[in-house]
Every structure is written in structure tokens, then in C-alpha cells.
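Peer 1: Before I ask anything, let me first share the structure, which is written out below as C-alpha cells.
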Amino acid sequence: MGDKTMRLDRFLTEMTALTRTQAKEAAKKGRVTVNGETAGKTDIKIDPEKDRVFLDGKEISYRAVEYYMLNKPAGVVSATEDGRYPTVVGLIGDRKRKDLFPVGRLDLDTEGLLLITNDGDLAHRLLSPKKHVDKVYEVRYEGKLPEKAGEELEGGIFLEDGTKCLPAKLRTVTEGENGGEALLTLREGKFHQVKRMMEALGCRVVYLKRLSMGSLKLDESLSPGEYRPLTKEELEELTS
Ligand code: URA
């Protein structure tokens, strides 16, 4: 059993907007209580799982890690902060921690599955090019795919700038004279990859949605902009 205690200043800086200096000041001014007693100093040790910490009368609960599944809507950036657009992290109204980030990026106009967490190890494992985690996208496009598009993708196509892609899988859902819908499975995440792959095949993506990432599947009951915590099972599968 490891030591579960932590310093009060660390607890406050992790779980509130306060910096370490501000946390110290707040404690000095009597704004912080631990188990009902005013904590004048922040260099004391607390047990984040047992001790009850209040700042300005509001209880601060501790969470070491958080995991949320978001159905990203179009018009929101995959970032923690942005001067122009709302961010995916900003959509997580229930978040406790301030160090959450999206695991990978979806373009501004792309919708679908995005994992939001502060678990850097998991993010690394899911994003590492060496791990080849499958990502499935629903793609609607304009244009006509070549007859051998599936084979070309399986062989690893070249993007227009000469970059070679890893093998990808194409499953046609509908196909018309000037457009269609397909499911595309990739094992890497280059910048604008789906759009550039489709361009290399002579088509233009008009709608893009991520359906899954490894074992994690988008919960279709989430409308764009909605999110929920991962279930225990989802998390176990993802980390196993
Ligand atoms: N490929 C793209 O082109 N855009 C995304 O958002 C994700 C994959």
C-alpha cells in the first residue's frame, strides 16, 4: 500500500483554478478548511480520499484521473484552450480536474468519438504510431471512388505530397454516381488523414465522424456535444 497522502497545496492547485501562491494566500486568509477546521497553511499533508476540504465554503472533491467519452460536434476545436472557438474540454461541464486534454485531434468540422482525460500514459498508448490502434470513421464523400479503391487502401496509398499510409480498410455503405458513404479503418492519425486519403482517390470528404478508437466505441445515444464518463468495463478494455 502506497502513501495516499498529499500536500494541501498540491490538492488545491490540481483541483481548483488556484496557483500554488494563491492557494497559500487563500489558506492564510482562512478560506480553506480541512474536516471543518480552518487550515492556515498549505504545507500540511491530507488524505484526499478521506479528508474533506472546502474552499470558500464549497467542497472540493479529489479525482486523480478522469475519463470522458465526448461526441464532438462540428465547430469545436480539439484543444484545451482557444482564442476563437469553444474547446472540447470546455464542453465537459462535470470535469473536476483542470488538466484534462483530448486524446488526439479531430478537425474543427469532424464529429464523433473523442476521449477526454488527464491520463497521459493511456493517451500515449492510444496515440503511439507503434501501437497501431484502429480508428473507424464514417465518411461521406463527393466524387467516384476508383474500382480498386479498397485494394489501393489495403496496399497503403500515397497521399498527394508523397507520404505513404499504412494499410487501411474500406467498407462501402452506399455508392452513387457522384458520391457515397463508406467506413474507413485507419491505424494511424496523420494530419487530415482521411480527407487526404480520399483526395488521393479523387474524392472530397463532405462529412466525417469517428465511430471508434481501439476497443472504445462511440455511444450512439450521445448527441453531438454530449458526453459521459467511461464505464468501468470500457476503461478496463482500453487499458488491458
Ligand atoms: N482524418 C481527417 O481528415 N480529419 C479528422 O478529423 C480525423 C481524421
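Peer 1: Using the structure shown, decide if THR38 is of a type in the set (Ser, Thr, Tyr) and more than 16 Å from the chain's Cα centre (by Cα).
Peer 2: Yes: the conditions hold for THR38.
Peer 1: Step by step: first the residues of region 1-28, then only those that are of a type in the set (A, V, I, L, M), assigned to a loop (DSSP other than H, G, I, E, B) and within 20 Å of ASP99 (Cβ to Cβ), then the one that is least open to solvent (accessible area, probe 1.4 Å). Which residue is that?
Peer 2: Residues of region 1-28 of a type in the set (A, V, I, L, M): 1, 6, 8, 12, 15, 17-18, 23, 26-27.
Still in the list and also assigned to a loop (DSSP other than H, G, I, E, B): 1, 17-18.
Then drop every residue that is not within 20 Å of ASP99 (Cβ to Cβ), which leaves 17-18.
On the way: ALA17: 94, LEU18: 26 Å².
Of everything passing the filter in region 1-28, LEU18 is least open to solvent (accessible area, probe 1.4 Å).
Peer 1: Would you check which residues across region 29-48 are open to solvent by 80 Å² or more (accessible area, probe 1.4 Å), within 14 Å of ARG10 (Cα to Cα) and part of a loop (DSSP other than H, G, I, E, B) and list them?
Peer 2: LYS41, ASP43
Peer 1: Residues to consider are GLU154, GLU175; find the one that is open to solvent by 50 Å² or more (accessible area, probe 1.4 Å), more than 16 Å from the ligand (Cβ to nearest atom) and in a helix (DSSP H, G or I).
Peer 2: Working: GLU175 fails: in a helix (DSSP H, G or I).
Of GLU154, GLU175, the one residue that is open to solvent by 50 Å² or more (accessible area, probe 1.4 Å), more than 16 Å from the ligand (Cβ to nearest atom) and in a helix (DSSP H, G or I) is GLU154.
Peer 1: Say we look at region 211-225 and pick out the residues that are farther than 16 Å from THR117 by Cβ and within 13 Å of the ligand (Cβ to nearest atom); which of these is least open to solvent (accessible area, probe 1.4 Å)?
Peer 2: SER212
Peer 1: Do we find that VAL53 is crowded, with 20+ Cβ neighbours inside 10 Å, under 30 Å from VAL34 (Cα atoms) and touching a residue at least 12 places away in the same chain (Cβ under 8 Å) in this structure?
Peer 2: When the stated conditions are applied, VAL53 passes them.
Peer 1: Within region 56-145, considering only strands (runs of 3 or more DSSP E) that don't extend past its boundaries, which have at least 2 residues that are open to solvent by 20 Å² or more (accessible area, probe 1.4 Å)? Walk me through it before giving the result.
Peer 2: Values: elements: 58-60, 67-72, 111-117, 135-142.
Strands (runs of 3 or more DSSP E) meeting the threshold: 58-60, 135-142.
Peer 1: OK, next. Looking only at region 6-39, which residues are in contact with a Lys or Arg (Cβ under 7 Å, 6 or more places away or on another chain) and in contact (Cβ under 8 Å) with a residue 60 or more places away in the chain?
Peer 2: Those that are in contact with a Lys or Arg (Cβ under 7 Å, 6 or more places away or on another chain) and in contact (Cβ under 8 Å) with a residue 60 or more places away in the chain: GLU14, MET15, ALA17.
Peer 1: Just the residues that are free of Cβ contacts under 8 Å to residues at least 60 places away in the same chain and touching a Leu at 6+ places or on another chain (Cβ under 6 Å), please, taken from region 61-76.
Peer 2: The answer is none; no residue qualifies.
Peer 1: Another question, if that's okay. Here are ALA123, ALA182, ALA168, ALA200: which of them is within 14 Å of the ligand (Cβ to nearest atom) and free of Cβ contacts under 8 Å to residues at least 40 places away in the same chain?
Peer 2: Only one candidate qualifies: ALA168.
The values are calculated or read from the model by the stated rules, or taken from the named source; none is laboratory data. Note that the structure is predicted; figures quoted are calculated from it, not measured. Virtual Cβ from ideal backbone geometry, glycine too; neighbours counted across all protein chains shown. In case anyone asks, the SASA skips ligands and DNA or RNA and just uses the protein heavy atoms, side chains included. Shrake-Rupley method; radii C 1.70, N 1.55, O 1.52, S 1.80 Å.
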